[in-house]
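Written below as structure tokens is the structure these notes are about.
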Amino acid sequence: MIRKIFYEKRGATLVFALGVLLASALIGVALISASLNSAKTVARQRDSYQSDLALSSAASYVRMLFNGCSYSYDEGSGEYVVGYGPAGVSESELGKLSEKEKENFGESSFEEEFKTLVSGAGNEMTWYISSGADPETDPLRVKISAKNDDNNNIEVVLSDGREGIDESEINKSTVTLFFAVSSEENGIGGKDYTWSDCSIETKGN
């Protein structure tokens, strides 16, 4: 009788111990899973924040560059030239492409792309501002998509420019800039154009 009670208690203790061990294991797995998810969330938030800062900085620069930008005939050279916003501003920062991107886009300059954009209604151009890192991982890479309408007004949309990133991981923020055009006859049968900042719209995730 005593032996039977001993074995029953021993068995109950063993079952209880196994239950405690199983519960501890499940709690441990849950804690590890929660920690990993938290770490991933923090990493995504940091990456998104960095991308937002890059987008904001690029938008400020593009806005300054295009506000007062002109495309006009130069009698000295006999060609149309691009004049950027404030005195001393150039497209140099927009030309900072990594070597990998130069392989894809060639040696075309921002000015050449811009001339193509404004040479006729309905044209579009795409450009990237980059830190020079790999385009697939560079959180500072910003895509610039510009197009002109039938009146040659320009709309510029800036967005996350990273490549090779899962769609769900890419920050959905965008900044849209709109530049209204004014024109005047230039005396050679053509027109000179000047663009002025008109509006800005920012969209978050």
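Annotations
- In the set (1) modelled with pLDDT under 75; (2) part of a helix (DSSP H, G or I), the condition left unmet by residue 107 is number (2).
- Residue among 92, 70 that is at pLDDT below 85 and either within 21 Å of residue 178 (Cβ to Cβ) or not β-branched (Val, Ile, Thr) (or both): 92
- Residue within region 151-168 that is in contact (Cβ under 8 Å) with a residue 60 or more places away in the chain, among the small types (Gly, Ala, Ser) and surrounded by fewer than 21 Cβ atoms within 10 Å (Cβ to Cβ) present: yes
- Within the set 77, 145, the sole residue that is open to solvent by 30 Å² or more (accessible area, probe 1.4 Å), at pLDDT 85 or above, in contact with an Asp or Glu (Cβ under 9 Å, 6 or more places away or on another chain) and under 30 Å from residue 182 (Cβ atoms) turns out to be 145.
- Test: residue in region 152-167 that is of a type in the set (Lys, Arg) and touching a strand residue (DSSP E or B) at 6+ places or on another chain (Cβ under 8 Å): no
The values are calculated or read from the model by the stated rules, or taken from the named source; none is laboratory data. Keep in mind the model is a prediction, meaning the values are calculated, not measured. As a convention, Cβ positions derive from the backbone with ideal geometry for all residues, glycine included, and neighbour counts pool all protein chains shown. Side chains included, ligands, DNA and RNA excluded: accessible areas come from the protein's heavy atoms. Shrake-Rupley method; radii C 1.70, N 1.55, O 1.52, S 1.80 Å.
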